[in-house]
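The values are calculated or read from the model by the stated rules, or taken from the named source; none is laboratory data. From a predicted model like this one, the values you see are computed outputs, not experimental measurements. All Cβ positions, even for glycine, are placed from backbone atoms using ideal geometry, and neighbour counts span all protein chains on display.
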Amino acid sequence: MVGLPLKGGCMCGALRYEMSMPPVMIYNCHCTNCQKISGAAFNTSVIVAEAALRFTTGEPARVEWVSDTGTTRCGLFCGACGTRIVNGGDPSTGVYSLRAGTLDDTSWVQPVGDTFTSSAQPWVTFIEGGLRAERQALDYAPFIAAYRAQGRF
Ligand SMILES: [Zn+2]
Ligand SMILES: [Zn+2]
């Protein structure tokens with residue numbers, strides 16, 4: 001079992017955070033936004049309630065943009081070293097997508113599937129036996145259920 005709070009931070013240590021609730025779900029997102037933001041093939045998204053995330057050291061810098069669906073999204077990052085902690089957040093729903101690699105302990109992280117597979121790099125291997133969505137999942141309930149079934153918390 002994984003203990004709470006979960007802890008993590010940026011590369012330089014100016015930003016530290018704690019998460020008081022277990023993630024809602026974890027999956028790999030291959031959308032072009034995630035590819036740009038991470039500079040990598042995909043982002044491992046740890047979906048958390050905004051209310052569960054608290055910065056214990058430092059104040060994150062913030063970037064905002066309007067998504068394809070017209071909602072305002074925000075990202076939180078370290079102003080000193082540039083590490084992005086919150087990949088994307090939707091202030092209207094109170095849900096954040098946290099970047100898995102910023103957790104101190106990532107040994108328990110197991111994504112349940114892949115989203116935006118239509119824009120995935122051709123050499124990427126998807127999660128074996130995992131859930132898949134060509135774009136955004138129309139219904140995240142199966143992702144949430146699969147994550148709960150891992151029984152890590
Ligand atoms: Zn930093
Ligand atoms: Zn994405």
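Values computed for the structure shown
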| quantity | calculated |
| --- | --- |
| Subset of region 104-120 [within 16 Å of ligand 2 (Cβ to nearest atom) and either modelled with pLDDT under 95 or surrounded by 12 or more Cβ atoms within 10 Å (Cβ to Cβ) (or both)] | Pro111, Val112, Gly113, Asp114, Thr115, Phe116, Thr117, Ser119, Ala120 |
| Subset tally (residues that are crowded, with 18+ Cβ neighbours inside 10 Å, small (Gly, Ala, Ser) and within 16 Å of ligand 2 (Cβ to nearest atom)) for region 1-55 | 1 |
| Checklist (1) at pLDDT 95 or above; (2) within 24 Å of Leu4 (Cβ to Cβ); (3) buried (at least 16 other Cβ atoms within 10 Å of the Cβ) applied to Glu59, failing item | (3) |
| Hey, Gly8 within 16 Å of the chain's Cα centre (by Cα) and either in a strand (DSSP E or B) or within 16 Å of ligand 1 (Cβ to nearest atom) (or both) or not | yes |
| Val109 being among the β-branched types (Val, Ile, Thr), closer than 20 Å to His30 by Cβ and away from ligand 1 (no atom under 16 Å from the Cβ) | yes |
| Counted residues, region 67-85 - those being hydrophobic (A, V, I, L, M, F, W, C), in a loop (DSSP other than H, G, I, E, B) and more than 9 Å from ligand 1 (Cβ to nearest atom) | 0 |
| Residue count for region 78-103, restricted to those that are under 13 Å from the mean Cα position of the chain (by Cα), touching a residue at least 40 places away in the same chain (Cβ under 8 Å) and buried (at least 18 other Cβ atoms within 10 Å of the Cβ) | 11 |
| Near pairs, Cβ below 9 angstrom, 6+ apart or cross-chain, from region 19-45 (assigned to a loop (DSSP other than H, G, I, E, B)) to any residue that is more than 8 Å from ligand 2 (Cβ to nearest atom) and of a type in the set (Asp, Glu) | His30/Asp114; Phe42/Asp114 |
